[in-house]
Amino acid sequence: MRKYPVGIQSFESIRTDGYVYVDKTPLIYKMITEGKPYFLSRPRRFGKSLLVSTLAAVFEGRRELFEAFTTDYGIEQPQLFIATTSWKWEKYPVLRFDFSSGDLATIKDLDSLIDFTLSEYEEQYGIKPRRRSDFNLRMKKLIHTAEREMGKKVVVLVDEYDNFILHSLGDMEKTNTARQRFQHLFGPLKSEDDHIQFVFITGISKFSQMGIFSKLNNLNNISMAPDFETICGISEEELVTTLRPDIELLAERQGKSYDAMFAELKANYDGYHFSEEKTDMYNPFSLVKAFNNKKVGSYWFESATPSALIDMLANMPPIDINAIDGVECIASEFDQPFDSYAAPLPVLYQSGYLTIKSYDAEMDTYTLGFPNHEVRTGFAENLFKYVTHTQNRDDRERSVLQLAYRRFRRDDVIAPFIEALKVFFAGVPYMIDDKDEHHFHAMLYTLFVSFGADVVAEDLSAKGRADLTLKMPKGIYIIELKYDDTAEAALKQIDERGYASKYALDGRPITKVGIAFSSKERNITDWHND
């Protein structure tokens, strides 16, 4: 019997209720025995909250959760690594602050949550209530009293510290007020260092970007440290060992071989890299959902609230999905503030939409790209709605367009798809506006990617670059786009520059397609294929 912890972030529940758990305690043991104040940045739904819960169980001395035992349901849970070590399992006072709730909409909500958390611990340690808004002094008093009552230094665990601010971007008054709240609350974490055993803070954005921990400059940021690259998420080694039975069960349900099932999981959920070592990491949320639902699907993008990111794009320069897939950046770019709308790369990387593809040690530069099929298509679908101003439109027209594409893919009949494109674009208000030919290219490319197509933009050949190369199961389509010109001119360019020659040995038939787009009509006005 295999039970999957979908949406469960409690380490105790996972172990006692018999859910599958990938042992992260070797890295937890390394962390708690080699250092003291840590910060970890990871995308949403990547296991940060479960890691915080596991750390809490360790410092609360709950050794029984880490030993081998049989649950009340008759499921055998294996012994975890840390139970075999010399860890003393002493009970420390643990203060946990969880800001991962999506219900925090106002400063009043944030104040209420902080006050509630502090009040719970104050009652636990018999502290008389003081002025509710004085978070700094309350935190100091709590640290001192907890240490005195339990005879051990205090452990402070903070989960998703930046969640409220990230959902308030664009409202400078609210974000600045929130920063002040956090500065007061967590200010004592450095000044009271003699009374603190361990600090662990998680979030999406680096703490330097939010200006919250300017005084807490002793935090060890392990977000891009090779030694801790696999502390969240599922490594490929863990997938093919601990989770191998789950791949086999899924393969059996889908009527596929183990190798075919593994390849599909890799294409959809692999590809995350969190250091220059580039250890392959899989999205844990999507894997668990796929195993639980017995099918591969786009789970992470639906659950990671991409709308907040897409809304941010409206305040940034137009983003070409082809331009950001393979973009180079230097390490300092990761330190750009999240509210610096001119610099989308830190937002996209730390939100999990881009990952490290390669690292040039000599130049100290990173190449970023989409980690996998799930993220690439999900991001493109939402970005397409943004660039065409169709966020609030009825989805029926897009559904018709998608059905036309599926017919195109199945039957290799391009005409119905082009006609469906024309109908769709006719309903897009001010689609091109004052933009140029490049915008139209980027829009079509984004559309194809959102359908999951195997498409190459600016496909390089000996004499130039084809606008789009679409690789279908039954054929290859070389597509040239002309803005305020003719479809014949587009076809002529394909021939003159030999765009199709590089695919001569592919074996699939090659079709050349010229498409003309009118800025006046804001639509496709002509097309031909050869």
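Just a few scattered comments:
- Test: residue in segment 426-445 that is within 29 Å of Asn268 (Cβ to Cβ) and assigned to a strand (DSSP E or B): no
- Total residues in segment 34-87, condition surrounded by fewer than 14 Cβ atoms within 10 Å (Cβ to Cβ), of a type in the set (Val, Ile, Thr) and closer than 25 Å to Glu192 by Cα: 0
- Pairs with Cβ under 9 Å, 6+ apart, first in segment 22-41 and among the small types (Gly, Ala, Ser), second open to solvent by 30 Å² or more (accessible area, probe 1.4 Å): Gly35/Asn220; Ser41/Lys206; Ser41/Phe207; Ser41/Asn221; Ser41/Met224
- Pair list, Cβ under 6 Å, 6 or more apart: segment 454-471 residue over 16 Å from Asn529 (Cβ atoms), other residue open to solvent by less than 80 Å² (accessible area, probe 1.4 Å) and aromatic (Phe, Trp, Tyr): Val455/Phe448; Ala457/Tyr445; Ser461/Tyr499
- Cβ-Cβ contacts under 8 Å between residues 6 or more apart (or on different chains), taken from a first residue in segment 76-91 that is on the phi < 0 side of the Ramachandran plot to a second residue that is of a type in the set (Lys, Arg) and part of a loop (DSSP other than H, G, I, E, B), are listed as Glu90/Lys152; Lys91/Lys152.
- Among residues of segment 4-21, those that are in contact (Cβ under 8 Å) with a residue 60 or more places away in the chain and in a loop (DSSP other than H, G, I, E, B), counted: 4
- Filter pass, Thr202 being in a strand (DSSP E or B) and among the polar types (S, T, N, Q): yes
- Within segment 487-496, one or more residues are in contact with a Leu (Cβ under 9 Å, 6 or more places away or on another chain), of a type in the set (Gly, Ala, Ser), surrounded by 16 or more Cβ atoms within 10 Å (Cβ to Cβ) and in a helix (DSSP H, G or I).
- Lys471 open to solvent by 40 Å² or more (accessible area, probe 1.4 Å) and not in a loop (DSSP other than H, G, I, E, B): yes
- Evaluation of Ile28 against (1) over 21 Å from Leu239 (Cβ atoms); (2) not in a strand (DSSP E or B) (one fails), failing number: (1)
- In segment 51-106, the qualifying residues are those that are part of a helix (DSSP H, G or I) and closer than 17 Å to Glu160 by Cβ, and the one that is nearest to the chain's Cα centre (by Cα) is Leu51.
- Within segment 432-462, being among the charged types (D, E, K, R) and modelled with pLDDT of 80 or more holds for Asp454, Glu458, Asp459.
- Test: residue in segment 237-248 that is closer than 23 Å to Tyr366 by Cβ, open to solvent by less than 10 Å² (accessible area, probe 1.4 Å) and either not in a helix (DSSP H, G or I) or not small (Gly, Ala, Ser) (or both): no
Rundown of residues vs (1) modelled with pLDDT of 75 or more; (2) more than 24 Å from His273 (Cβ to Cβ); (3) in contact with a Leu (Cβ under 8 Å, 6 or more places away or on another chain); (4) not in a strand (DSSP E or B), yes/no style:
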site: Glu374; (1), (2), (3), (4): yes, no, no, yes
site: Val400; (1), (2), (3), (4): no, yes, no, yes
site: Arg407; (1), (2), (3), (4): yes, yes, no, yes
site: Lys422; (1), (2), (3), (4): yes, yes, no, yes
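- Here Glu173 fits the description: more than 20 Å from Leu40 (Cβ to Cβ), open to solvent by 10 Å² or more (accessible area, probe 1.4 Å) and modelled with pLDDT under 90.
The values are calculated or read from the model by the stated rules, or taken from the named source; none is laboratory data. Being a predicted model, the structure only gives us computed values, none of them experimental. Note that each Cβ is placed from the backbone with ideal geometry, even for glycine, and that neighbours are counted across all protein chains shown. Note: accessible area is taken over every heavy atom of the protein model, side chains too, but ligands, DNA and RNA are not part of it. Shrake-Rupley method; radii C 1.70, N 1.55, O 1.52, S 1.80 Å.
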